[in-house]
Amino acid sequence: MIARANPFAVSKILTIRYEPQSTTWDALLARLQLLGHRAAIVGPEGSGKTTLLEDLASHLSQKFSIRWFALTEDSPIPAVSDIDPDHLVMVDGADRFGWLTWQKLLRKKTRGLIVTTHTPVRLNTLIQCSTTPELLSWINYKLIGEHANEIEKLSDRLFRKHRGNLRDVLRDLYDVWAAIG
Amino acid sequence: MKYVQISIDNNASNFKPGDQISGTASWQLEESAKTIEVRLFFYTEGKGTRDIEVLETLQLDSPPISGTQQFDWRLPQSPYSFSGKLISLIWAVEVVLLPSGEAESFEFQMTPTGKEIVLGTGS
């Protein structure tokens, strides 16, 4: 099977947006407002933090100007002094901030600050992201419909192997699909 | 009725390097967008992170709630459209509403034969 036809290709996975597990979008947005749009999305790798942050950006972009930072191993740490106070700042991967940057960022007056991290930080936790085999099954069903039943046992095994990291599970399922397609 | 769409002249979807690609983006919105962009780009699709390179952009600030925008671009010499098991390279024209990011795209193929190169098949 060629890459663009693989149902587990990245672009297809990206069409599946964040689905709150134990809350609702309205409740999440209300809590975020209560927190003054200053909060952290906390969770392990592959638990949907980035997807949720992107979806929040989409919700909030009608009301705020969003300044987005995606921090990876290769990306430079942004200069806090360059951030426009009129922006709502979103940081994906804020674990990379050192103590000093955190201090500056927390003191900086902006329209809001929403970050993703693996562990709780000095911001209120908006939501603790987690995954379940049922969530993976739901995603599989979205991607491959009834075929999801055929790979249920394999999915459960991969879920355990990757300790709930759905990103890694879906990458493995891409290979499985490429081999059998 | 709300819509955003792309149409390519002569309904063409197979192009050769250096060909002209032309058409019209059209939209009818319920709420005004800050900006509408029409883009010519290619991207990779597959297992890993997507790479995207935008070659041409037409930007319309404060666009009307209903309108059209014609485009006419010359395609470069490369890269060609291809697909393997791990990666596909796909050419497209898209119209994007900002800041919502809502988009509509039209994918086409660009190779010396006009047909996608499929790796591992000799075609």
| query | Of the peptides B:2-8, A:77-83, how do they stack up when ordered by the mean number of other Cβ atoms within 10 Å, highest first? | reply | B:2-8, A:77-83
| said: Just to confirm the number: angle between the C-alpha axis of helix A:166-180 and the first principal axis of chain A, 0 to 90 degrees, nearest 10? | reply: 30
| Could you list, bin by bin from short to long, the percent of Cα-Cα pairs of chain B in 10 Å steps? | 13, 42, 30, 13, 2
| query | Taking every pair of alpha-carbon atoms in region A:25-128, what share in percent sits in each 10 Å bin, from 0 to the bin with the longest distance? | reply | 15, 54, 29, 2
| Per q in 0.08, 0.09, 0.13, 0.19 1/Å, what log10 I(q)/I(0) does a Debye calculation on the alpha-carbon atoms of chain A return? | -0.29, -0.37, -0.72, -1.23
| field | B:Tyr3-B:Ser100 FRET efficiency (beta carbon distance; Förster radius 25 Å; 0.05 resolution) | value | 0.95
| said: Strictly over 22 Å apart at the Cα level, which of A:Lys63/A:Lys109; A:Lys63/A:Lys108; B:Lys85/B:Lys115; A:Lys108/B:Lys34 would you flag in this model? | reply: A:Lys108/B:Lys34
| task | Return one number: the angle in degrees, 0 to 90 and rounded to the nearest 10, between the long axis of the Cα atoms of helix A:152-161 and the longest principal axis of the Cα atoms of chain A. | result | 50
| remark: Phi angles of region B:26-38, converted by Karplus (6.51 cos²θ - 1.76 cosθ + 1.60, θ = phi - 60°) into ³J(HN,Hα) in whole Hz with x for Gly and Pro, give 9, 8, 9, 10, 8, 10, 5, 9, 5, 8, 10, 10, 10
| said: Which three numbers, in whole Å and largest first, are the semi-axes of the equivalent ellipsoid of the protein assembly as shown derived from its Cα gyration tensor as √(5λ)? | reply: 35, 28, 18
| Principal-axis tilt of helix A:133-144 within chain A, Cα atoms, nearest 10 degrees | 70
| query | Given Cα pairs under 8 Å that are at least 6 residues apart, what percent is the relative contact order of region A:36-149? | reply | 41
| How crowded by other chains is B:38-46, given as the mean number of beta carbons from other chains within 10 Å of each beta carbon? | 3
| field | Measure of compaction for region A:131-180 (Cα Rg per 2.2 N^0.38 Å) | value | 0.99
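Just so you know, all these numbers are worked out from the coordinates, no wet-lab data involved. As the structure is a prediction and not an experimental result, all values here were calculated from the model. Virtual Cβ from ideal backbone geometry, glycine too; neighbours counted across all protein chains shown.
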